[in-house]
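Q: Sharing a structure with you now.
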Amino acid sequence: MPESNPRHFDTMASDFVIFTLAKVGAAFAVLMFFVAYVVWVERRLSAAIQDRLGPNRVGPFGLGQPIADAVKAFLKEDVVPAHVRKVWYCLAPALVMLPAILNLAIIPFGSKLGSQPMVIADLNVGILYALGIGSLSVYGIALAGYGSNSKYPLLGGLRSCAQLISYEITLAISVVPVFLWAGDLNLSCIIQRQAGTAPWLPLLPNWFVFQSPLTALAFVIFLVAAFAETNRTPFDLPEAEQELAGGYNVEYSSIKFALFFMGEYAHMILASAMLTTLFLGGWTLPIAGLDRPATTLAAGLAHIAIFLIKLVACMLVFLWVRWMWPRFRYDQLMDLSWRRLLPLALVNTLLTATWLWFRSLV
Amino acid sequence: MSSPTTAPAKPTQSAPTTPEFFQVKVDGRVVVVPRLSPDWRGQLVPTTMIQACFAAGVMVPHYCYHPKLPVAGNCRMCLVEFGTPVLGPDRKPLLNPDGTPKITRAPRPAIACATPVMPGMEIYTNTPTVRAMREGVLEFLLINHPLDCPICDQAGECKLQEYAVDHGLAASRFVETKVHKPKQVELGPRIMFDAERCILCSRCIRFTRDIVGDDALGILHRGSYSTIATWPGRAFDNNYTLNTVDLCPVGALTSKDFRFQMRVWFLKETKSICTSCGTGCNILIGSRENRIYRYTPRQNDAVNSCWMCDAGRLNYKWIGRPDRLKEVRGPGGQTRVWSAVLAELAHRLGQAPRGSVALIASARQTNEELFLLKKLATRLGAITDSIPREGQADPLLVSADKNPNSLGARLLGLCYTEMGINLPRIAHGIEQGAIRTLIVFGEDVTRHGLAPELLARLDTLVVSDILPNATTALAHYLLPGCAHAEKRGSFTNVKGRVQRFFKAVEPPGNARPEWEFLAELLSHLTGQPAAPSLEALFNQMAQEVPAFHGLTWTGLGDTGLEAKV
Amino acid sequence: MIVRRDRLTIWERLYLTAIWGGLKVTFRHFWRTVVRRRPVTVQYPEEKPVVPPGYRGAPYLVRDQTGRIKCVSCQLCEFVCPPKAIRITPPGPEIDPTTGNVEKRPRQFEIDMLRCIFCGFCQEVCPEEAIFLMQDYSLTGLSRSEMIYDMDKLLRLGGVHLDPIRKWERKAREAQAQETVPPTLP
């Protein structure tokens, strides 16, 4: 409890500022590092699935490839075509990248490291923040298509926007049963609720994906909607090279294009992080007491490591699925969202609410 | 090929008189042919089946036949089948039940080049028998013919190649050893002969003996060893030997000058006129990428039939000489641009007082250029003349006048009938100081009475030429012109025929066709616009010059038109 | 024709069979590439791909087994070459005593490798089997003029081609044999 000693309050405030800045810096650095190396993983994994080697020349195992690509992106000529609307054209890539970075704020990477909670902003309504910020990425794509002032980017941008908006709703509704089940909107509490092993099968961890068929259904719908939100196969028609003349990023080059590209991977990482947090237990593991907030530095680091491993596993699923399944046609995609997943999510919510009310009576 | 002409017929002695024109059927197509047609000498002889086929538009393959040579009939390539109408006892044709005349097919084929037609005859040029005969003839010809196509100059214009593709067998049945004969034989100073390739059509022998009148060639040995050779003691060196190269259907006779120079399919063929003498033989300039490789004659029955002389044929090398004049030079010898020089020249000439200008045009210039020069001379009040060039004539083609356009110079008023009689007057005028400006086009006047010291006295010496000479060295204004192969225009030959020619190669450097810069110069002088194109210029000349009334550029066509001399 | 669209089973409509099938295929390929180490990639330039016979690489001129340049400057390849990469200077009228009974040999033969499209028409059309498209696919140069190969370079790179027919030698032999039995003998 802070006393009315201004000096103590100042120290606390300055500590808070310093530690928050450190966490922000660290989270941002890790995110950027992951974005760069997820590309590397994607390229090598895709290559492995396609009977070829991926980049293996730049550095050992091609690990220097992302650095080389970054250098190239910075040195490449940034062409701003004469016919674009300059302000929106230059603003759009930033608007696409921004929500992904902003969403980092509420993700719990670990429990505690020393005395610091390993989440930048432990909001009580974290999920609302996440969904709200996530909606902002639609602006970026719409502006990219509009600002390019050209047919194909505009059409590609509009399609992409429509897809994103449709699946946002599904995303939001699909995640409601989880919060009903947990009883709390705070993300750290969600993770706490996933401690231990599943009551009906002690081999499985007590993650929401295993806890009940209703939350498992919520997991599936959330997963599908996450694929659609990040424009990944099988929902990547707006940016499919084979089907379109390119999509909303056609008129972009060099660093702006790189920003779109990185934005997509950042969104993917964030989606994986949300998946991990909401359904896969976040930083917990039901062994060796790792499902309680850390008291030692080692446990704290272990929690962060566990979170990152789960994140990477989700990412691998994202990457693997790209080469497994053919993409949806646009009308099939919209059909899936509005006529099948949304009703399903609504029914799921209803059932969860009914079940919980029923359980509370008993 | 000769078209049916309206020749007045002499009534024949035999009782049934055949009409002057009658119908003959070639491959089912009816064609009307005259009974008599001119032969290689122009005399009227019975029309042959091959002439009837050509009139009907059917191409009968042949080697030894040539419309301008006496008929030999030794190659047997033009064998065709025919049928004649059956005449009843009353000498009227019998009819089939459906009304068509009854035709008996002849049991044997006939060579079309030597067999006269008769009324109602039907000629079949594409029956299986005819096709088999052609295959047979070609097979026989190819038995001893060497596999020289990759190195033979005739490839691309070889009748044996063409007929073998069209009418021959695809595979050879010949497994024996071919007869080998001398190759690379220098038959004459300009002819290379390859005995193995010869198919013994005897066109070269007939041409040299009958057309040129020099009986130099004949066939030695016999059977498979027959070879063309010069008779012992005779040389094959007349002035028309290279025509045998055109005549030879295969690559046996080749031009030593053109040998191994370029494949003929690369050559662009431009219609032009030979400029070595006043006859103006029609030629084709074979050029590739602005280099001339050869001249070949074009057929023009009014001028040169199908021939040209060797001297004119080989006279193309000077066009590609590296010392050609390429740059416009102004006073002091600096290189100038055309627009500036023409304006300056127009100004200077415009200021020259009347009677102080002389103009020497060349009879090697085209009609259009001489027309413009005459306009210039009239405008400046200049004394004009041209320079004659005389040489040896011969009974066949070569004219004694070695200028291609003497008659043009005369008709356009640049000189009198006796060319060159004004030259002493011009020289005197320069010496006296009366003539201060001299314009020379295409001639080296220092060799014709105007010594360099005399020329040095002039205020303005304007020279336009192609190759450098003593006159161009002294010029104040040097305007580089074009050879006839580098411009379009027309010449009038010694018989008054106006013939046009086209551009084959690009002029070197900054050289321009004379008619172009003369028109510009005149428009600077007179203030009137120049004729926009050569066609317009020619038509204007035709209107203004009485000798050329009624001629048009397009009307000149490929064979030219007669001027009213 | 009418396309039959069969009704899908419940598993197919839930895409479960498709999901499982996809997983099997991708996993199989992953296993093959990563665990069994058998990608299809040929790591050029350390590993070079095996070039099949009949591969159309760069065109070169050949000599026959006696060392004679087989090309007789017929210029058919120059004519047939679609991008006009070949440029031949014919020998001209002077008689070259070194050509023997072949009579013709090119004075200069240039192929602009930057224009060549490696179609093989020149090899197809050559009547003397003098130009062949060999297995050389890696052609580099530091300037455009370096990539115009002249006759020396083409002959050097082309090497020797065994000619089983030897048309010209045979012709010379036959002509020699016939000279001992001249036709004018009785």
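Q: Looking only at region B:23-67, which residues are in contact with a Cys (Cβ under 8 Å, 6 or more places away or on another chain) and surrounded by fewer than 19 Cβ atoms within 10 Å (Cβ to Cβ)?
A: Answer for region B:23-67, where residues must be in contact with a Cys (Cβ under 8 Å, 6 or more places away or on another chain) and surrounded by fewer than 19 Cβ atoms within 10 Å (Cβ to Cβ): just B:Met59.
Q: Here's another thing I want to ask about it. Out of all the residues in region C:155-176, which are more than 14 Å from every other protein chain (Cβ to nearest Cβ) and not in a loop (DSSP other than H, G, I, E, B)?
A: Scanning region C:155-176 gives C:Leu155, C:Arg156, C:Leu157, C:Gly158, C:Val160.
Q: Among the helices (runs of 4 or more DSSP H) lying completely within region B:405-473, list those that include at least 3 residues that are surrounded by fewer than 19 Cβ atoms within 10 Å (Cβ to Cβ), of a type outside the set (Phe, Trp, Tyr) and without any contact (Cβ under 8 Å) to a residue 40 or more places away in the chain.
A: Fully inside region B:405-473 and qualifying: B:423-432, B:452-456.
Q: Could you run through region B:112-151 and say how many residues are over 30 Å from C:Arg105 (Cα atoms) and in a loop (DSSP other than H, G, I, E, B)?
A: Total meeting the criteria: 12.
Q: Among the residues of region C:95-140, how many are within 14 Å of chain B (Cβ to nearest Cβ) and small (Gly, Ala, Ser)?
A: Qualifying residue count for the region: 2.
Q: To continue, here is another question. Within region A:7-23, identify whether any single residue is away from chain C (no Cβ under 14 Å), surrounded by 13 or more Cβ atoms within 10 Å (Cβ to Cβ) and free of Cβ contacts under 8 Å to residues at least 40 places away in the same chain, and answer yes or no.
A: There is no residue in region A:7-23 that is away from chain C (no Cβ under 14 Å), surrounded by 13 or more Cβ atoms within 10 Å (Cβ to Cβ) and free of Cβ contacts under 8 Å to residues at least 40 places away in the same chain.
Q: Which ones in region A:175-189 are out of contact with any Pro (no Cβ under 7 Å at 6 or more places or on another chain) and farther than 17 Å from A:His267 by Cβ?
A: Residues satisfying the conditions are A:Val176, A:Pro177, A:Val178, A:Phe179, A:Leu180, A:Trp181, A:Ala182, A:Gly183, A:Asp184, A:Leu185, A:Asn186, A:Cys189.
Q: Here's a follow-up. Are there strands (runs of 3 or more DSSP E) fully within region B:157-255 with at least 3 residues that are over 30 Å from C:Ile165 (Cα atoms) and either over 26 Å from the mean Cα position of the chain (by Cα) or among the aliphatic types (A, V, I, L, M) (or both)? List them.
A: Where strands (runs of 3 or more DSSP E) fall fully within region B:157-255 and carry at least 3 residues being over 30 Å from C:Ile165 (Cα atoms) and either over 26 Å from the mean Cα position of the chain (by Cα) or among the aliphatic types (A, V, I, L, M) (or both), they are B:217-220, B:227-230.
Q: Taking the condition in contact with a Lys or Arg (Cβ under 6 Å, 6 or more places away or on another chain), in contact (Cβ under 8 Å) with a residue 60 or more places away in the chain and buried (at least 19 other Cβ atoms within 10 Å of the Cβ), does B:Val137 pass?
A: For B:Val137, the condition - in contact with a Lys or Arg (Cβ under 6 Å, 6 or more places away or on another chain), in contact (Cβ under 8 Å) with a residue 60 or more places away in the chain and buried (at least 19 other Cβ atoms within 10 Å of the Cβ) - is met.
Q: Being out of contact with any strand residue (DSSP E or B) (no Cβ under 9 Å at 6 or more places or on another chain) and not assigned by TED's automatic domain parsing to the domain that holds C:Val125 is true for just one of C:Pro97, C:Pro52, C:Pro82. Which residue is that?
A: C:Pro52 is the lone residue from the list that is out of contact with any strand residue (DSSP E or B) (no Cβ under 9 Å at 6 or more places or on another chain) and not assigned by TED's automatic domain parsing to the domain that holds C:Val125.
Q: Given region B:266-324, what strands (runs of 3 or more DSSP E) lie entirely inside it while holding 2 or more residues that are without any contact (Cβ under 8 Å) to a residue 60 or more places away in the chain?
A: Here the list reads B:282-288, B:291-297.
Q: Which of the following residues is surrounded by 14 or more Cβ atoms within 10 Å (Cβ to Cβ), touching a helix residue (DSSP H, G or I) at 6+ places or on another chain (Cβ under 9 Å) and part of a loop (DSSP other than H, G, I, E, B): A:Phe328, A:Phe318?
A: A:Phe328
Q: Right, something else. Scan (1) within 14 Å of the chain's Cα centre (by Cα); (2) buried (at least 16 other Cβ atoms within 10 Å of the Cβ); (3) free of Cβ contacts under 8 Å to residues at least 12 places away in the same chain for the single condition C:Leu157 breaks and write down its number.
A: Just one mismatch for C:Leu157, condition (3).
Q: Also: State whether the residues of region C:90-113 include one that is over 21 Å from B:Phe260 (Cα atoms) and assigned to a loop (DSSP other than H, G, I, E, B).
A: yes
Q: Between a residue in region C:5-27 that is at the interface with another protein chain (Cβ under 8 Å from one of its Cβ atoms) and any residue that is surrounded by 12 or more Cβ atoms within 10 Å (Cβ to Cβ) and at pLDDT 85 or above, which pairs come within a Cβ distance under 6 Å, given they are 6 or more apart or on different chains?
A: C:Gly22/A:Met324; C:Gly22/A:Trp325; C:Thr26/A:Ile49; C:Thr26/A:Trp323; C:Thr26/A:Met324
Q: Can I ask one more? Out of A:Ala29, A:Ala47, which single residue is modelled with pLDDT of 90 or more and exposed (fewer than 15 other Cβ atoms within 10 Å of the Cβ)?
A: Sole residue among the options that is modelled with pLDDT of 90 or more and exposed (fewer than 15 other Cβ atoms within 10 Å of the Cβ): A:Ala29.
Q: Within the set of pairs 6 or more residues apart or between chains, which connect a residue that is more than 14 Å from chain C (Cβ to nearest Cβ) inside region B:158-182 to a residue that is of a type in the set (Ser, Thr, Tyr) with Cβ atoms less than 7 Å apart?
A: Pairs found: B:Lys159/B:Tyr63.
Q: Looking only at helices (runs of 4 or more DSSP H) that fall completely inside region B:504-565, which ones have 1 or more residues that are farther than 30 Å from B:Tyr293 by Cα and either of a type in the set (A, V, I, L, M) or out of contact with any strand residue (DSSP E or B) (no Cβ under 8 Å at 6 or more places or on another chain) (or both)? So that I can check it myself, show each step before the final result.
A: On the way: elements: B:514-526, B:534-544, B:553-556.
Fully inside region B:504-565 and qualifying: B:514-526, B:534-544.
Q: Working carefully through the options B:Leu525, B:Leu537, B:Leu521, find the one that is more than 22 Å from B:Leu478 (Cα to Cα) and either more than 22 Å from the chain's Cα centre (by Cα) or hydrophobic (A, V, I, L, M, F, W, C) (or both).
A: The unique qualifying residue is B:Leu537.
Q: Condition first: more than 13 Å from the chain's Cα centre (by Cα), surrounded by 18 or more Cβ atoms within 10 Å (Cβ to Cβ) and in a helix (DSSP H, G or I). Now tell me which residues in region A:97-128 satisfy that.
A: Across region A:97-128, the qualifying residue is only A:Gly126.
Q: Moving on. Test of understanding: among B:Phe260, B:Phe236, B:Phe266, which residue is more than 24 Å from B:Phe501 (Cβ to Cβ), within 14 Å of chain C (Cβ to nearest Cβ) and of a type in the set (Phe, Trp, Tyr)? Break it down stepwise before answering.
A: Numbers: B:Phe236 fails: within 14 Å of chain C (Cβ to nearest Cβ); B:Phe266 fails: more than 24 Å from B:Phe501 (Cβ to Cβ).
B:Phe260 is the lone residue from the list that is more than 24 Å from B:Phe501 (Cβ to Cβ), within 14 Å of chain C (Cβ to nearest Cβ) and of a type in the set (Phe, Trp, Tyr).
Q: Taking the residues in region B:474-499 that are of a type outside the set (S, T, N, Q) and assigned to a strand (DSSP E or B) as candidates, determine which candidate is surrounded by the fewest Cβ atoms within 10 Å (Cβ to Cβ).
A: By that ranking, first place goes to B:Tyr477.
Q: Does any residue in region B:70-86 that is surrounded by 18 or more Cβ atoms within 10 Å (Cβ to Cβ) come within less than 6 Å, Cβ to Cβ, of a residue that is assigned to a strand (DSSP E or B) and among the aromatic types (Phe, Trp, Tyr) six or more places away or on a different chain, and which pairs are these?
A: Listed pairs, sorted by first residue: B:Glu81/B:Tyr124.
Q: Quick check on B:Thr104: is it surrounded by fewer than 18 Cβ atoms within 10 Å (Cβ to Cβ) and at pLDDT below 90? Show your work before the answer.
A: On the way: surrounded by fewer than 18 Cβ atoms within 10 Å (Cβ to Cβ): yes; at pLDDT below 90: no.
Judged against the criteria, B:Thr104 is not a match.
Q: For region C:1-40, enumerate the residues that are farther than 27 Å from A:Pro234 by Cα and surrounded by 13 or more Cβ atoms within 10 Å (Cβ to Cβ).
A: Answer for region C:1-40, where residues must be farther than 27 Å from A:Pro234 by Cα and surrounded by 13 or more Cβ atoms within 10 Å (Cβ to Cβ): there is none.
Q: Which pairs have Cβ atoms under 9 Å, sit 6 or more apart or on different chains, and link a residue in region C:64-90 that is away from chain B (no Cβ under 11 Å) and closer than 15 Å to C:Arg105 by Cα to one that is surrounded by fewer than 16 Cβ atoms within 10 Å (Cβ to Cβ) and basic (Lys, Arg)?
A: If the second residue must be surrounded by fewer than 16 Cβ atoms within 10 Å (Cβ to Cβ) and basic (Lys, Arg), the pairs left are C:Asp64/C:Arg166.
Q: Right, here's the next one. Please go through region C:125-154 and give me each residue that is touching a residue at least 24 places away in the same chain (Cβ under 8 Å) and assigned to a helix (DSSP H, G or I), ordered by number.
A: C:Val125, C:Met147, C:Met151, C:Leu154
The values are calculated or read from the model by the stated rules, or taken from the named source; none is laboratory data. Owing to the predicted nature of the structure, the values given are computational and were not obtained by experimental measurement. Cβ atoms come from the backbone with ideal geometry, glycine included; neighbour counts cover every protein chain shown.
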